[in-house]
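Colleague: Please read through the structure below; I'll follow up with questions.
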Amino acid sequence: MKEINFELSKEDVFSPEFDFNGDCYLCIEGDGVATIERKLGGWHAVTSSDGTIMSFTGDGVLFNNKINCKKSIKHRIKVETATGIRITGIRER
């Protein structure tokens, strides 16, 4: 398992890329909008099992759950924030 920690400022548009195989437990905190994306050819928003785009808006904890990927694929978080967003997670490899 590997830990990820990203501090994004209001000037940042994307988090650094990260990859995992299996479960990745993410906590996204801050204000604004955070959309989880994965690279499949180009970058695309991740969708939940019901087809909903994994995009979260608010102030405080925006997302605190896991995402799953059956093979190693690059991911990133697209953000729009006024003050900053912190992303922490534990990923399996």
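The values are calculated or read from the model by the stated rules, or taken from the named source; none is laboratory data. Remember, predicted model here, so these are calculated numbers, not experimental data. Every residue, glycine as well, gets a Cβ built from its backbone with ideal geometry; the counts of neighbours run over all protein chains shown. Accessible surface is based on the protein model in full, side chains and every heavy atom, while ligands, DNA and RNA are left aside. Shrake-Rupley method; radii C 1.70, N 1.55, O 1.52, S 1.80 Å.
Colleague: Just give me the residues in the stretch 1-37 being under 13 Å from the mean Cα position of the chain (by Cα), surrounded by fewer than 18 Cβ atoms within 10 Å (Cβ to Cβ) and of a type in the set (D, E, K, R), in sequence order.
Modeller: Matches in the stretch 1-37: Glu7, Glu17, Asp19, Asp23, Glu29.
Colleague: I've got another one for you. Can we say Ala34 is aliphatic (A, V, I, L, M) and not in a strand (DSSP E or B)?
Modeller: Criteria not met by Ala34.
Colleague: Got at least one residue in the stretch 8-21 being under 19 Å from Thr83 (Cα atoms) and without any contact (Cβ under 8 Å) to a residue 24 or more places away in the chain?
Modeller: Yes, the conditions are met somewhere in the stretch 8-21.
Colleague: Report, by residue number, each residue of the stretch 70-93 that is closer than 12 Å to Ser9 by Cα, of a type in the set (A, V, I, L, M, F, W, C) and assigned to a strand (DSSP E or B).
Modeller: Matches in the stretch 70-93: Val79, Ile85, Ile87.
Colleague: Condition check: open to solvent by 30 Å² or more (accessible area, probe 1.4 Å) and under 17 Å from Asn5 (Cα atoms). Does Thr88 satisfy that?
Modeller: yes
Colleague: Specify the residue that is nearest to Lys39 (Cα to Cα); the eligible residues are those in the stretch 71-85 that are over 13 Å from the mean Cα position of the chain (by Cα) and open to solvent by 80 Å² or more (accessible area, probe 1.4 Å).
Modeller: Step by step, filter the stretch 71-85, then rank; the result is Lys71.
Colleague: Mind checking which residues of the stretch 51-70 are under 19 Å from Tyr25 (Cα atoms) and open to solvent by 40 Å² or more (accessible area, probe 1.4 Å)?
Modeller: Within the stretch 51-70, Thr52, Ile53, Ser55, Phe56, Thr57, Val61, Asn64, Asn65, Lys66, Asn68, Lys70 meet the criteria.
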